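Data block below; observations after.
Laboratory data are not the source of any read-out in this text; all were calculated from the coordinates shown. What you see is a predicted model; the values in this text were computed from it and never measured. Neighbour counts run over all protein chains shown; Cβ positions are idealised from the backbone, glycine included.
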Amino acid sequence: MPRRCDLWALAGLLLAAGLAQWTVCIRAVAPAQDAVRYIAQAQRIEKDGLAATLRAQTDAPLYPALVRAAHRLARPQGGAWLRSAQWVAASMAALCVIPVYALLAPWLGRGKAALATILFALLPEVARLGADALADSTHLLLFLTALALLVSAMRDAAERASRWKLLGCGVCVGLSLLARSEALTLLPAVALAWWLVRRQLEREQVIRLGGSLALGLAGVYGAYLLYTHALSLDAMQARLMGRHAADSAALLNVATPAPIASALPPDWRTEEGDVFDFTRKDGSTSLRRGGYLEAARQYTGEFGNLITLPLLPLMLVGVLKMRHARNCLPGRFLFLFFCMYSLLVLWHAAEVGYLSSRHLLPLAPIALGWAGHGAVIAAQWSRRWLAGVLAPRELLRGWRPVRLLALLLVGLCVPSLLKPAHASRLGHRRAAAWLAEHAAASDMVLDTRGWSALYTEMPTFRHEAGAQALANPALRYVVVEREELLFDSRRARTLRAVLGTSAELVGSFHAAEVKPEKAVLVYRWDPQRFAASYGRGAVRR
């Protein structure tokens with residue numbers, strides 16, 4: 001009963017993936033930095049409504065909308081927004097095992113597909129998706145589902161069922177574009193699939209199949225563009241790229257925020273005469289490096305971090321020994337898709353100067369499929385070698401080296417699940433705990449990173465809204481990392497100027513294993529002192 005076997009396999013894979021996500025979530029010290037932006041957008045949807053937020057912002061809205069829906073189900077207490085974001089991200093990450101298994105089983109067979117899928121669920125980067133509370137897992141689930149439907153439609157392109165599969169593929173592409181712009185790479189994947197099956201189809205079939213996919217895509221993303229009145233080329237590009245304005249991430253737990261100031265008072269200057277700088281990041285800390293050589297170096301390093309060192313040799317063995325699987329249609333498509341996606345990633349990294357292992361997540365199932373095949377080959381080699389060394393051979397009867405190697409590979413992935421994610425950010429958790437204990441719920445906070453807002457639910461401004469925060473008489477505390485004050489930049493000089501004249505240090509928090517400059521400082525803000533120093537048009541010298 002193949003269908004029953006597949007259902008039991010998927011049930012076990014879902015259980016393992018869910019357990020991995022739960023383990024990492026409960027041990028995580030803090031989410032990723034961009035989680036603050038997504039939660040701020042979800043709060044705006046809660047306050048203004050989905051329709052108004054869609055028209056006002058160009059951010060990809062799917063994940064924040066899901067977070068807002070999950071928050072309705074959560075109990076309204078401290079940290080509810082963060083728990084909702086992590087619950088949504090973890091659920092999507094766990095569900096990814098379904099399209100991964102569906103993608104690999106027709107190519108490799110059920111056994112190798114199950115091994116590759118369990119390794120995928122336990123990869124450190126995948127296991128952390130829920131704890132980081134980002135849109136990556138939502139995008140990955142839809143991306144892999146679209147890819148699996150596309151491969152399935154290729155296998156029976158001449159049959160009527162392929163139209164429904166391509167319709168579903170188009171819907172998933174449209175939804176994935178509402179999560180992250182990387183879903184655009186699915187469009188050349190569709191062209192690649194057509195090129196591989198072009199000789200099997202007549203012109204009328206190509207038109208019908210292409211129309212089904214276009215209908216699914218237009219029904220989701222086209223409707224989104226029409227609803228948001230993004231009809232010009234620039235407006236479409238802004239929404240495709242997910243460009244976010246400052247106010248989409250700068251205000252948290254604020255019921256009725258005023259617009260962020262676009263111009264600063266002329267008397268707000270540092271001792272050096274610089275106008276105050278409230279940019280989100282310090283430009284002196286940028287690690288972006290352009291060029292194709294640098295992009296190739298980053299690709300190699302990030303791909304190694306994604307797949308992990310023990311699996312890389314098995315992946316290479318699988319690639320070299322998988323001649324028969326490469327000759328089948330799914331194998332050829334996935335091999336060419338791997339190459340095409342890698343080239344697109346290299347081009348993007350060379351242009352923007354930045355690459356993360358999460359950009360390579362869609363390649364992980366294919367790479368692990370090769371690694372699963374390589375594990376079977378390595379197990380066969382070990383059995384033959386031991387059979388030549390040990391005598392009599394009856395000693396090996398009943399011994400399954402593939403199962404032993406699979407358990408070994410799974411065991412190598414487990415320790416990473418027990419390591420607390422973002423342990424170096426413990427100082428932010430401790431600062432939030434201090435604020436929850438010593439500050440009033442109505443006190444406003446300026447937090448340059450925004451993490452404290454996820455645990456206190458106090459009205460919080462991030463650094464982009466610094467001008468609005470400093471002008472607000474209800475501001476009582478400023479949270480900043482020590483190293484942000486040490487840089488030689490206009491942003492750092494701004495922080496030193498306002499904190500030196502108008503605030504008092506009341507707490508310093510950091511994890512024992514981090515450097516002292518990574519400590520999180522909490523200042524008590526004095527609005528009267530700030531008004532005396534900067535409120536009458538005099539430049540402080």
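Just the number, please: Stokes-Einstein D of the stretch 82-169 in µm²/s, Kirkwood Rh from C-alpha pairs, 20 °C, 1.002 mPa s.
Details: Rh = 13.7 Å.
The calculation lands on 156 µm²/s.
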Practice prompt. Would you please put 187-194, 493-500 in order of how densely packed they are, using the mean number of other Cβ atoms within 10 angstrom per residue and starting with the highest?
Written response: 493-500, 187-194
Worksheet entry | Note, ³J(HN,Hα) from phi for the stretch 455-467, Karplus 6.51, -1.76, 1.60, rounded to Hz, x at Gly and Pro | 10, 9, 6, 7, x, 9, 10, 8, 5, 4, 9, x, 4
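Kindly state, as a whole number, the per residue volume in cubic angstrom of the convex hull around the alpha carbon atoms of the stretch 2-242. Walk me through the intermediate numbers first.
Working: hull volume 32.2 nm³, N = 241.
In the stretch 2-242, the Cα hull volume divided by residue count equals 133 Å³.
Just need the relative contact order of the chain here, percent rounded to a whole number, with Cα pairs under 8 Å and 6+ apart.
Values: 873 pairs, mean separation 103.3, N = 541.
Value for the chain: 19 percent.
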Worksheet entry | Spread of Cα-to-Cα distances over 10 Å intervals beginning at zero, given as percent, for the stretch 493-535 | 27, 43, 22, 7, 0
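Once you've got the Cα coordinates, tell me which of K419/K518; K281/K419; K47/K281 are over 22 Å apart. Could you put the intermediate results ahead of the total?
Numbers: K419/K518 20 Å; K281/K419 28 Å; K47/K281 27 Å.
Over 22 Å Cα-Cα: K281/K419; K47/K281.
Quick check: net charge around S508, other residues with Cβ under 10 Å of its Cβ, Lys/Arg +1 and Asp/Glu -1? Provide the component values of the computation, followed by the final result.
Values: positive: R430, R482; negative: none.
Net charge around S508: +2.
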Worksheet item: Along the charge dipole of the chain, which of T58, A350, V445 sits closest to the positive end, that is, farthest toward it, with unit charges on the beta carbon of Lys, Arg, Asp and Glu (+1, +1, -1, -1)?
Response: A350
Worksheet item: Where the centroid of each part is defined by its Cα atoms, how far is the stretch 14-64 from the stretch 437-487 in Å?
Response: 21
Fill in: Sorted largest first, extent of the stretch 102-248 alpha carbons per principal axis (Å)
50, 42, 20
Worksheet item: With a 10 Å Cβ neighbour count serving as the proxy for reagent exposure, in which order, fewest first, do V206, V126, V100 appear?
Response: V206, V126, V100
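Just the number: Rg to Rh for the chain, Cα atoms, Kirkwood Rh, two decimals. Could the numbers behind the result be given before it?
Working: Rg = 26.3 Å, Rh = 25.6 Å.
Result: Rg/Rh = 1.03.
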Fill in: Under 19 Å from K112, Cα to Cα: lysines that are on another chain or at least 8 residues apart
K321
Discussion item. Can you give me the angle between helix 329-352 and the longest principal axis of the chain, using Cα atoms only, in degrees from 0 to 90, rounded to the nearest 10?
Written reply: 20
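For Y292, Y38, Y534, which order do you get if you count the other beta carbons within 10 Å of each Cβ and list the fewest first? Spell out each step's value before the answer.
Details: Y292 13, Y38 26, Y534 22.
Listing Y292, Y38, Y534 from fewest to most nearby Cβ atoms yields Y292, Y534, Y38.
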Practice prompt. Towards the positive end of the charge dipole of the chain, with charges on Cβ (+1 Lys, Arg; -1 Asp, Glu), say which of C172, A17, G331 has the farthest Cα.
Written response: G331
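Hey, what number do you get for the chain at 222 nm if only DSSP H runs of n ≥ 4 count, each worth -39500 (n - 2.57), divided across all residues, to the nearest 500? Numbers along the way, then the final one.
Working: 26 runs with 329 residues, N = 541.
It comes out at -19000 deg cm²/dmol, rounded to the nearest 500.
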Worksheet item: If one takes the longest principal axis of the Cα atoms in the chain, at what angle in degrees, from 0 to 90 and to the nearest 10, does the Cα axis of helix 292-307 lie?
Response: 70
Discussion item. If you take every DSSP beta bridge fully contained in the chain, what fraction is antiparallel? Give it as a percent rounded to 5.
Written reply: 70
